[in-house]
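Below is one structure, written out as structure tokens, with a few remarks after it.
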Amino acid sequence: PGNGYLRPAGSPVTVIAHRGASSAAPENTLVAQEIGRRAGADFIENDVQPSKDGVPFVLHDGTVDRTTDGTGSIRNLTSAQLKALDAGSWFSPHYTGVRMPTLAEQLADLRTRGGDLLLEIKGAHTRDQVAKIVQVIREQNMTKRVFVQSFEVEALKYTYELAPELPLGLLRSSLDADPVAIAKELHLTAYNPSSGPLLARPGVVADLHNAGVAVMPWTVDSAATWKSLDALGVDGIITNRPAELAGWNNAM
Ligand code: G3P
Ligand code: CA
């Protein structure tokens, strides 16, 4: 089957807003998502983890300490406890009262306002925890607008078993010896490495493209690096500065 995420020659790169427009608003909140969407991002990137009662929430760290007024591991806090936290004032008093969204709330917001989601399954997940994520995506009628990525190979395998229709991306901090082989093994639509290792081994992009696999490196905020990655032919770029990347794209 064709890979609709491969960038046609001469087209702009796909703009992926890392944790929403996280340089402009508190990361992984609906306000960061809306700013990213309005900036022209094609995808909002997020991080999903389960609450103690099994509800998928949108949070990057394993604890709520850095990005809320609470403390503790997300997996030890109930959804009611998580919903009581202020997830905005750490960023700026202007955002006091902003709440941590559930995955369902984030998808409902995207469904009505527009935009797709690059959903990162963050940290180890059981099969049941992945099944809950898939259930939420299906209940929100968003299977055609969600791309799942993870550093966790097991989570990707569970996703493929439970929902083979969802496109999958493998996140990597360093490159595999043979990225094409692992892409085939895991049924990947995209291979998403850190930008530094990719720039050090640029031939990997052509190898993956020849195998029908897209490449969407992270997390890149400088125009000089956008230019280098664009020249390599990457398909998308994950950035904290989606407005600037979209503007740079349009100026090319
Ligand atoms: O989307 C890739 C990037 O988000 C991976 O790193 O730590 O920001 O989740 P992290
Ligand atoms: Ca992430």
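Structure summary
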item: Net charge of Cβ neighbours under 10 Å - reference Lys122; Lys, Arg +1; Asp, Glu -1; result: -4
item: Distance (nanometres) between label positions extended 7 Å along Cα→Cβ at Ser173 and Arg66; result: 1.3
item: Tensor-based shape of the stretch 63-125 (alpha-carbon gyration tensor, a/c under 1.5 rounded, otherwise prolate or oblate); result: oblate
item: Between helix 242-251 and the chain: long-axis angle, C-alpha atoms, 0 to 90°, nearest 10; result: 30
item: Point-charge dipole on Cβ atoms (K/R +1, D/E -1) for the stretch 132-198, about Cα centre, debye to 20; result: 260
item: Fraction of the pair-distance distribution of the stretch 1-140 above 19 Å, Cα-Cα pairs, percent; result: 51
item: Using alpha-carbon coordinates, inclination of helix 153-162 to the longest axis of the chain, degrees; result: 80
item: Estimated D of the chain in µm² per second, where Rh is the Kirkwood radius over Cα pairs and Stokes-Einstein applies at 37 °C, 0.692 mPa s; result: 180
item: Charge context of Thr71, other residues only, Cβ under 13 angstrom, K/R +1, D/E -1; result: -3
item: Percent antiparallel among DSSP beta bridges (both partners in the chain, rounded to 5); result: 15
item: Acute angle (nearest 10 degrees) that the helix 103-113 long axis makes with the longest principal axis of the chain, alpha-carbon atoms; result: 70
item: Mean separation of Cα contacts under 8 Å (6+ apart) over length of the stretch 16-148, as relative contact order %; result: 24
item: Relative contact order (%) - criterion: Cα under 8 Å, at least six apart; region: the stretch 96-146; result: 51
item: Segments 197-206, 237-246, 160-169, 12-21 sorted - mean Cβ within 10 Å per residue, highest first; result: 12-21, 237-246, 160-169, 197-206
item: Residues Ser228, Ser174, sorted so that the one with the fewest Cβ neighbours within 10 Å comes first; result: Ser174, Ser228
item: Spatially proximal lysines relative to Lys132 (Cα-Cα < 21 Å; intrachain offsets below 8 disregarded); result: Lys52, Lys83, Lys122, Lys144, Lys157
item: Where labels lie 7 Å past Cα in the beta-carbon direction, separation of Met252 and Ala206 in nm; result: 1.8
item: Cα centroid separation, the stretch 75-108 to the stretch 220-252 (Å); result: 30
item: Cβ charges +1 (Lys, Arg) and -1 (Asp, Glu), total dipole of the chain, debye; result: 300
item: Relative contact order [Cα under 8 Å, 6+ residues apart], the chain, whole percent; result: 21
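All of the numbers you see were taken from the coordinates with simple rules; none came from a lab. Note that the coordinates shown come from a computational prediction; the quantities given were computed from them, not determined experimentally. Because the Cβ atoms are built from the backbone with ideal geometry, glycine has one as well, and the counts that use them run over all protein chains shown.
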